[in-house]
Amino acid sequence: MFSSIWSSTKYMIDSLIHQKQSLHAYSSEENNTLPAILTANQWGLLEKTSKVLTPFEELTTNVSAASSTAADVIPSIHVLIRFLSKESEDDQGIQTMKTTLLDAVRRRFKHIESEPLYTVATLLDPRYKDKYFTNAENLGNAKTALKAAVLKTEGQLKTTTPPADETVSEPMKKTPRTEGASSSLGSIFDEILEESSTAAGPSEQITPGAIIEMESYLCETPIERKNNPLHYWRVNQARFPTLAATSSSVLLAQVSRARGSLAQHLLSLRSTGAS
């Protein structure tokens, strides 16, 4: 539902571009009833607008999918801001629109990295870990929230004895993600990940118990984005038992709330970008 509402403007523009040759042919007829025909410059602006709207369509579709989790929110916003911040020669004529959209995204999501629902989930997603936070302060606060979550889980595990075959569950059916080789944002995800890996500093002092799991997990290289984070935790449950138990509740808990929140914010940007 979210993707169809947000994408309607882009699909309308794409449909018009697809009919460009037919419209030109019809306009050349003597008895055509077209009130006007777009100029070459206007056609160019439509094509550029469609290109700028493509990431919004991709992200709205992805975060609305059954396979999305709360962990997708912060990386998606970071990548969207990076995309809108990039300057190109192709931006001529749409700079104001990109700037307006960029300001709107930053304004609406300025507190996203201070909400534990998203920060802890991001850290516990092996595709993202600590690579997509915008500054050291936000990352430090996120790690503090994660430590509190894993220590709480560790305490719960000490008082309960789970079945021997208990594993991290995942939905039986999943909607395939649209990201891939054709994604307009795939290279930006990789760009941010590479920068974060290069700039990574020494880890915090390791303390006993679940915190050792956390630090060991964060020191490892993130898995590829195409992989399933829930499958990762099922496979690595023996290595990181406390983190696996925490991820089971964090990644899947309140997913509908997280998914709906981001999608609704992206939808609301439609009117902002059009104004």
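The values are calculated or read from the model by the stated rules, or taken from the named source; none is laboratory data. Everything numeric here is computed off the predicted structure, so don't read it as measured data. For neighbour counting, all protein chains shown are included, and Cβ atoms are generated from backbone atoms with ideal geometry for every residue, glycine included. SASA here: full protein model, heavy atoms, side chains in, ligands and nucleic acids out. Shrake-Rupley method; radii C 1.70, N 1.55, O 1.52, S 1.80 Å.
Residues checked against (1) touching a helix residue (DSSP H, G or I) at 6+ places or on another chain (Cβ under 6 Å); (2) closer than 21 Å to Asp91 by Cβ; (3) open to solvent by less than 70 Å² (accessible area, probe 1.4 Å):
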| position | (1), (2), (3) |
| --- | --- |
| Met12 | no, no, no |
| Ala25 | no, no, yes |
| Glu29 | no, no, no |
| Leu38 | no, yes, yes |
| Leu59 | yes, yes, yes |
| Val73 | yes, no, yes |
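Residues in the stretch 15-26: is at least one modelled with pLDDT of 85 or more, part of a helix (DSSP H, G or I), under 26 Å from Val105 (Cα atoms) and among the β-branched types (Val, Ile, Thr)? No, that holds for no residue.
Annotation note: Cβ proximity below 6 Å between a residue of the stretch 12-28 that is among the small types (Gly, Ala, Ser) and a residue that is in a loop (DSSP other than H, G, I, E, B) and surrounded by 12 or more Cβ atoms within 10 Å (Cβ to Cβ) (sequence gap 6+ or interchain) occurs for Ser27/Ile37. Give me the residue from the stretch 204-229 that is touching a helix residue (DSSP H, G or I) at 6+ places or on another chain (Cβ under 7 Å), at pLDDT below 90 and of a type in the set (A, V, I, L, M, F, W, C) and, out of that set, most open to solvent (accessible area, probe 1.4 Å). Ranking the candidates gives Ile206 first.
The set of residues in the stretch 81-102 being free of Cβ contacts under 8 Å to residues at least 24 places away in the same chain, assigned to a helix (DSSP H, G or I) and either of a type in the set (S, T, N, Q) or touching an Asp or Glu at 6+ places or on another chain (Cβ under 7 Å) (or both) consists of Ser85, Gln95, Thr96, Thr99.
If the condition is being in a helix (DSSP H, G or I), modelled with pLDDT of 90 or more and open to solvent by less than 30 Å² (accessible area, probe 1.4 Å), then the stretch 231-254 contributes Tyr232, Trp233, Thr242, Leu243, Ala244, Thr246, Ser247. Within the stretch 107-121, residues that are in contact (Cβ under 8 Å) with a residue 12 or more places away in the chain reach partners that are β-branched (Val, Ile, Thr) and outside any helix (DSSP H, G or I) with beta carbons closer than 8 Å, at six or more positions or on different chains, in the pairs Glu113/Thr134; Ala121/Thr69.
Within the stretch 103-120, which residues are out of contact with any Phe, Trp or Tyr (no Cβ under 9 Å at 6 or more places or on another chain) and part of a helix (DSSP H, G or I)?
If we filter the stretch 103-120 for residues that are out of contact with any Phe, Trp or Tyr (no Cβ under 9 Å at 6 or more places or on another chain), which is where we start, we get 103-111, 114-118, 120.
Once the filter is applied, which keeps residues that are out of contact with any Phe, Trp or Tyr (no Cβ under 9 Å at 6 or more places or on another chain) and part of a helix (DSSP H, G or I), the stretch 103-120 yields Asp103, Ala104, Val105, Arg106, Arg107, Arg108, Ser114, Pro116, Leu117, Tyr118, Val120.
Set side by side, the residues Ala36, Ala65 differ, and just one is outside any helix (DSSP H, G or I), of a type outside the set (Phe, Trp, Tyr) and under 33 Å from the mean Cα position of the chain (by Cα), which is Ala65. I'd like to verify a number: residues in the stretch 124-139 that are assigned to a helix (DSSP H, G or I) and in contact with a Phe, Trp or Tyr (Cβ under 9 Å, 6 or more places away or on another chain), how many? Total meeting the criteria: 2.
The rows are residues; the columns are (1) open to solvent by less than 80 Å² (accessible area, probe 1.4 Å); (2) among the acidic types (Asp, Glu); (3) at pLDDT below 90.
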{"residue": "Glu87", "(1), (2), (3)": "no, yes, yes"}
{"residue": "Thr96", "(1), (2), (3)": "no, no, no"}
{"residue": "Ile112", "(1), (2), (3)": "yes, no, no"}
{"residue": "Glu115", "(1), (2), (3)": "yes, yes, no"}
{"residue": "Thr119", "(1), (2), (3)": "yes, no, no"}
{"residue": "Ala142", "(1), (2), (3)": "yes, no, no"}
{"residue": "Leu146", "(1), (2), (3)": "yes, no, no"}
{"residue": "Lys152", "(1), (2), (3)": "no, no, yes"}
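Applying the set (1) of a type outside the set (Lys, Arg); (2) closer than 30 Å to Ile211 by Cβ; (3) touching a helix residue (DSSP H, G or I) at 6+ places or on another chain (Cβ under 9 Å); (4) surrounded by fewer than 17 Cβ atoms within 10 Å (Cβ to Cβ) to Trp43 leaves exactly one unmet item: (2). Among the residues of the stretch 255-264, is there at least one that is surrounded by 17 or more Cβ atoms within 10 Å (Cβ to Cβ), of a type in the set (Val, Ile, Thr), at pLDDT 60 or above and under 28 Å from Ser64 (Cβ atoms)? The answer is no, given that none of the residues of the stretch 255-264 is surrounded by 17 or more Cβ atoms within 10 Å (Cβ to Cβ), of a type in the set (Val, Ile, Thr), at pLDDT 60 or above and under 28 Å from Ser64 (Cβ atoms).
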